[in-house]
1. Can you report the number of residues in region 544-564 which are modelled with pLDDT under 85, closer than 25 Å to residue 608 by Cα and buried (at least 17 other Cβ atoms within 10 Å of the Cβ)?
2. So residue 388 clears everything in (1) of a type in the set (Lys, Arg); (2) assigned to a loop (DSSP other than H, G, I, E, B); (3) open to solvent by less than 10 Å² (accessible area, probe 1.4 Å) except one condition, right? Which one?
3. Taking region 479-496, which residues are in a loop (DSSP other than H, G, I, E, B) and surrounded by fewer than 21 Cβ atoms within 10 Å (Cβ to Cβ)?
4. Checking the condition of a type outside the set (A, V, I, L, M, F, W, C), closer than 26 Å to residue 346 by Cα, outside any loop (DSSP other than H, G, I, E, B) and at pLDDT 90 or above, which residue from 438, 399 passes?
5. Given the residues 650, 619, which is the only one that is more than 15 Å from residue 372 (Cα to Cα) and touching a residue at least 12 places away in the same chain (Cβ under 8 Å)?
6. Do you know which of the residues in region 642-675 that are assigned to a loop (DSSP other than H, G, I, E, B) and of a type in the set (Asp, Glu) is least open to solvent (accessible area, probe 1.4 Å)?
7. Checking the structure you have, find out if any residue of region 364-378 is touching a strand residue (DSSP E or B) at 6+ places or on another chain (Cβ under 6 Å), open to solvent by less than 60 Å² (accessible area, probe 1.4 Å), in a strand (DSSP E or B) and among the hydrophobic types (A, V, I, L, M, F, W, C).
Amino acid sequence: MARRRLLVLLAVPAVLFFALARWDDPARPDAPEEPQPDTGERAEVALGPPTRPAVTAEPVDRIGDTRFLMSSGATALVFRPDGRRLAATGYDSPVVVEWDTATGNETRRYSDGEGGAHVVGYTPDGARLVAHNGRGQTVVFDTSTGAVLVRVPVPLTVAPDGKVGVGFADKEQLTVWNLETGKAVRVIGTISPSNRTECCFSPDGAQVAVCNWSGTVYVAPVAGTAPVRVIAVPGHDNGIINVVWPRADRLIAIWYSGFASHDPATGKQLDRKSSKYAYWLRGVTAVGGGRVFAKVVNMPGLVELDPKDLSRVPNRTIPFNHWSDLLALSADGTTVATSYGGKLRLIDAATGRALHPDVNLYPVTSVSEIQFSRDGKRLLTAGDHSIRVWDVATGKPTTIIDRDDGHINYARLSPDGRYVAGIDGAAHYPLVIWDATTGAEVFRQPTPDGDDHQTIPGFDSRGVLWVCNGRDFTLHEVPSGRVLQTVPGFKQPICNTISPDGSRLVSAGWTAFAVRDTDPAAEWRVVARYPGRHIGGCKWDEAPCPSPVAFSPNGHELLTGRGWMFWNGKPRNLRAWDTRDKPTTGANRVLGYGPTYTPDGRFVVSRVPVAKGAPRELLVSDAATGAELFRFDTLGDVGGLAFTPDGTRLVVARSDTTLTVWNWANIERDSAPRK
């Protein structure tokens, strides 16, 4: 009897579970589901090889600035001792790049062919540069020729005199190497290989300090027979992540929520800071000329710390963005170098002023979005954290809109070019409107209603702005931001867009795919509903709806993709929809990705996908049939692209933050088959 009761008790939850699962299942036989029209599901067709060589043409202009450019983002910065050169390495970069600090122009690149470069330092006379390579070796270069002079089999930290370096042989033997011969000259001692983090020299180069995650700092002489001293750092959390030695009598250990200075001779702790200095960022510390600059999260900009007592030096704050974790200080302590997106910035350490303010006008990250004003006189470029408004006639940016502590999403330029709208990704996603001439903020939405993740489909032909708050659409007057109209939408949209002529809206998401005119009296024309579907736990599951990709200029045709444009490493085909009356879909379009229509609507230009890296070829297709016409080799990587409103120029963004401009008539002419 007891066993029977147990089986009954176990069966009840199981029945409930399967009943609930069946209720949530959109495919259940008795579900009250609407008939589903064609939503664009087709077998994928691969993009075939080109039928003839790609067309090439000389660009007519290049807009932007490549001074102090590190397009992949910098991972290490080092000043030459005289301060006249700055060297840097970037993510996955095989080379060390060097700049003239006075002009910002690149002077030399260093590489030993092994990849994975990481710059370490210069010798005091600047005649040699030291870097690590992808094989974990230390390489010494001649700065006059770029030639490799010496290799050492392990990564080294270089002494101030540039003659020796220290590193670990056999994983735990702290060893001194001669950088002129590449030979090991002395084993300092044995230090456990587990959890070692950083290493630094004393200012005179006579001693070296090594820290680890267990909260210990080891101090050892570079020469002589004195034993290794052990300094325990109590009260740290999760280990010591960095150690710096700004003065002979001050050694500073840094952990995630604080830092402490010690007497390196005795190991005595002299001062300590924590709590209000919450979360020190690893690597954002620089020493030079006996000065210490650092970034502390809850303080604005970089601050200078007095090595004597770790107090903040008054009136010494330098602008710094939170999303960079790189900082260098010249040997004399007068110049600070930071990375800011894909650009490096030099700052006067005494005043906090930029040493090259004209360089800072240009985009600091690669451009993913390009938009023109209706008259073609203004251009908006947008990338990660970085928005610029350009004067097309001069080719120079006139307005900077940067957000150091978060993204500006869905940046849109008004048709008259007077305003920029965007969603502030740092504070509950409010709508913000800026003056495109001055960059001043003219409207900021109070805490948005509904879903925090707002989107901006764009401006319509009247110059009013459509915003989706995660369900409903609101129409805003610009620049006041006043709500003129609210249009009920659909739950859980993932993509909302507006046609270039401002006549049609599209909402696509987890519950519906629908199109409507922007006329206030219009109704949604629902193409498909997805009852029972909902966002998955991580919100990155593939939604059931087609994803709007590009509208034709007249708003009659819409290209859509399926979820992610790439699936299992391969691009997916696009679908073409007629959005008039009841939207219907046609055949597969075997296009690249990121398609853009020419302003006359005759062609679709898209990027040809590549297995690795950024694409450099554009695929030009017939807009009516989707047939491939020709390919265009841009002779460089392709980011965002756009046509001028009159269709005479094609503008392509590069990863180096510049824009390249072509005469479209020349491309069409050169694409014509030869007779």
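1. Initial filter on region 544-564 (modelled with pLDDT under 85): 544-547, 561-564.
Adding the requirement that they be closer than 25 Å to residue 608 by Cα leaves 545-547, 561-564.
Next cut, buried (at least 17 other Cβ atoms within 10 Å of the Cβ) only: 545-547, 561-562.
Summing the residues that are modelled with pLDDT under 85, closer than 25 Å to residue 608 by Cα and buried (at least 17 other Cβ atoms within 10 Å of the Cβ) in region 544-564 gives 5.
2. Every condition holds for residue 388 apart from (2).
3. Within region 479-496, the subset in a loop (DSSP other than H, G, I, E, B) is 479-482, 488-492.
Residues satisfying the conditions are 479, 480, 481, 482, 488, 491, 492.
4. Details: 438 fails: outside any loop (DSSP other than H, G, I, E, B).
After applying the criteria, what remains is 399.
5. Numbers: 650 fails: more than 15 Å from residue 372 (Cα to Cα).
Exactly one of 650, 619 is more than 15 Å from residue 372 (Cα to Cα) and touching a residue at least 12 places away in the same chain (Cβ under 8 Å), namely 619.
6. At the first step, the residues of region 642-675 found to be assigned to a loop (DSSP other than H, G, I, E, B) are 644-648, 654-658, 672-675.
Now drop any that are not of a type in the set (Asp, Glu), which leaves 646, 656.
On the way: 646: 107, 656: 30 Å².
Ranking the qualifying residues of region 642-675, first place goes to 656.
7. Yes, that holds for at least one residue.
A quick yes/no check of all residues on (1) among the aromatic types (Phe, Trp, Tyr); (2) in contact (Cβ under 8 Å) with a residue 40 or more places away in the chain; (3) surrounded by fewer than 22 Cβ atoms within 10 Å (Cβ to Cβ):
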residue: 443; (1), (2), (3): yes, no, yes
residue: 462; (1), (2), (3): no, yes, yes
residue: 502; (1), (2), (3): no, yes, yes
residue: 509; (1), (2), (3): no, no, no
residue: 515; (1), (2), (3): no, yes, no
residue: 524; (1), (2), (3): yes, no, yes
residue: 527; (1), (2), (3): no, yes, no
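The values are calculated or read from the model by the stated rules, or taken from the named source; none is laboratory data. Keep in mind the model is a prediction, meaning the values are calculated, not measured. Note that we place each Cβ from the backbone using ideal geometry, even for glycine, and neighbour counts take in every protein chain shown. Accessible surface is based on the protein model in full, side chains and every heavy atom, while ligands, DNA and RNA are left aside. Shrake-Rupley method; radii C 1.70, N 1.55, O 1.52, S 1.80 Å.
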